[in-house]
Amino acid sequence: MSINVLAGIDGSKYTACVSDYAAWAAQQLSASLVLLHVRHKPEPTLLYNMGAATSLSAQDKIHAELADLDKKRAELVRTQSQVLLEQACAHITQAGYPAPRTISREGRLTEVLAQYDDYADLVVLGRRGNNEDDNPERLGSHVEQVIRTTDKPLLLTDGDFRLPQRVMIAFDGSDTTRKCVDYIAKSPLFKGLECHLVMVAGPSEEKQLQLDTARQLLEDNGHQATAALLQGEVKKNLLAYQEKQNMDVMVMGAYGHSRIRLWLLGSITNLMLQESHKPMLILR
């Protein structure tokens, strides 16, 4: 069965970074790479008749001209989408990767991605998009929606591409983070990379056992693994470890569906997405 990496691009300055990480991931997974551009659906130009001051014939003429302009605008958007995909393909092949397939669709990103839910094994997106400002602590409006609606592994890129060498897994012993460790252990995505398991919790035999068990699973699957049990504020410790150890990618669990899990896990995921400026792999 074929494996597919689906990368969403939008023509923003983050497009090259998304393309680079997606091409790298496809190579690691021996997967096919597909570039997806979701075109915004133009709203039709409306003209309301506010009275008899404008004759019907004049209004009909204006309606016809506006409809023609709307059609031309839609054609330009399709052409622009094709040019964007061609440029991204050229960028990827120039870096030495195989040429990807391309898809252009009209609609909303979350709705289009849902159509490919059974098709994509990994989704790659930028943390911000074409209509977002450059505030490094502000997520693109699409990010949280996509995290909550897809059950696929989601790689969110940020900044410039750097060939991953070290990956950090934020681990808390929960079912979600144990699934994260299992995915990393068995997937070829991070094969050959240093894996760092980081738990922030009060010292206890139970927590240490959970951490050691997770580390052993990684080692049993051929990974070089390091485990660290830290005490204190979760966000502060995760960010400090990431910086000190020069991590290239962080792995975290996705938001929980219940309000309790959202408070316990989703809040930390949100904070790390906002304040960590490294690529993040979000797993459910």
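The values are calculated or read from the model by the stated rules, or taken from the named source; none is laboratory data. These numbers come from a predicted model, not from an experiment. Glycine gets a Cβ as well: all are built from the backbone with ideal geometry, and neighbour counts include every protein chain shown. Ligands, DNA and RNA are excluded from the accessible area calculation, which covers all protein heavy atoms including side chains. Shrake-Rupley method; radii C 1.70, N 1.55, O 1.52, S 1.80 Å.
Taking region 104-123 as the range and being among the acidic types (Asp, Glu) and not in a helix (DSSP H, G or I) as the test, the residues that pass are 106, 117, 118, 121. Restricting 214, 227, 240, 254 to residues that are surrounded by 15 or more Cβ atoms within 10 Å (Cβ to Cβ) and within 25 Å of residue 127 (Cβ to Cβ) narrows the list to 254.
Condition check: open to solvent by 40 Å² or more (accessible area, probe 1.4 Å), of a type in the set (A, V, I, L, M) and at pLDDT 90 or above. Does residue 209 satisfy that? For residue 209, the condition - open to solvent by 40 Å² or more (accessible area, probe 1.4 Å), of a type in the set (A, V, I, L, M) and at pLDDT 90 or above - is met. Scanning region 213-238 for residues that are part of a helix (DSSP H, G or I), modelled with pLDDT of 95 or more and farther than 15 Å from residue 190 by Cα turns up 213, 214, 216. Of all residue pairs spaced 6 or more apart or on separate chains, those with beta-carbon atoms under 9 Å, a first member in region 112-124 that is open to solvent by less than 70 Å² (accessible area, probe 1.4 Å) and a second member that is among the basic types (Lys, Arg) and in a strand (DSSP E or B) are 112/105. If the condition is being of a type in the set (Gly, Ala, Ser) and assigned to a helix (DSSP H, G or I), then region 56-103 contributes 57, 58, 64, 67, 74, 81, 88, 90.
This table checks each residue for (1) of a type in the set (S, T, N, Q); (2) at pLDDT below 95; (3) within 19 Å of the chain's Cα centre (by Cα); (4) closer than 24 Å to residue 161 by Cβ.
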residue	(1), (2), (3), (4)
76	no, yes, no, no
92	no, no, yes, yes
98	no, no, no, yes
102	yes, no, yes, yes
113	no, yes, yes, yes
118	no, yes, yes, no
132	no, yes, yes, yes
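Among residues of region 158-175 that are farther than 15 Å from residue 217 by Cβ and assigned to a strand (DSSP E or B), those with a beta-carbon under 6 Å from a residue that is of a type in the set (Asp, Glu) and open to solvent by less than 20 Å² (accessible area, probe 1.4 Å) at least six positions away or on a different chain give the pairs 166/248.
Please go through region 68-102 and give me each residue that is in contact with a Ser or Thr (Cβ under 8 Å, 6 or more places away or on another chain) and open to solvent by less than 60 Å² (accessible area, probe 1.4 Å), ordered by number. Of everything in region 68-102, those that are in contact with a Ser or Thr (Cβ under 8 Å, 6 or more places away or on another chain) and open to solvent by less than 60 Å² (accessible area, probe 1.4 Å) turn out to be 70, 81, 84, 85, 88, 89, 92, 100.
Checking the conditions here, which among 241, 183 is touching a residue at least 40 places away in the same chain (Cβ under 8 Å) and under 21 Å from residue 274 (Cα atoms)?
241
What tally of residues in region 2-19 results from selecting those that are surrounded by fewer than 22 Cβ atoms within 10 Å (Cβ to Cβ) and touching a residue at least 60 places away in the same chain (Cβ under 8 Å)? Full working, then the answer.
As a first pass, look at region 2-19 and keep what is surrounded by fewer than 22 Cβ atoms within 10 Å (Cβ to Cβ): 2-4, 11-13, 16-17.
Pick out the ones that are also touching a residue at least 60 places away in the same chain (Cβ under 8 Å) and you get 3-4, 11-12, 16-17.
Within region 2-19, residues that are surrounded by fewer than 22 Cβ atoms within 10 Å (Cβ to Cβ) and touching a residue at least 60 places away in the same chain (Cβ under 8 Å) number 6.
On the basis of being at pLDDT 90 or above and assigned to a strand (DSSP E or B), does residue 34 make the cut? Taking the combined requirement at face value, the residue satisfies it.
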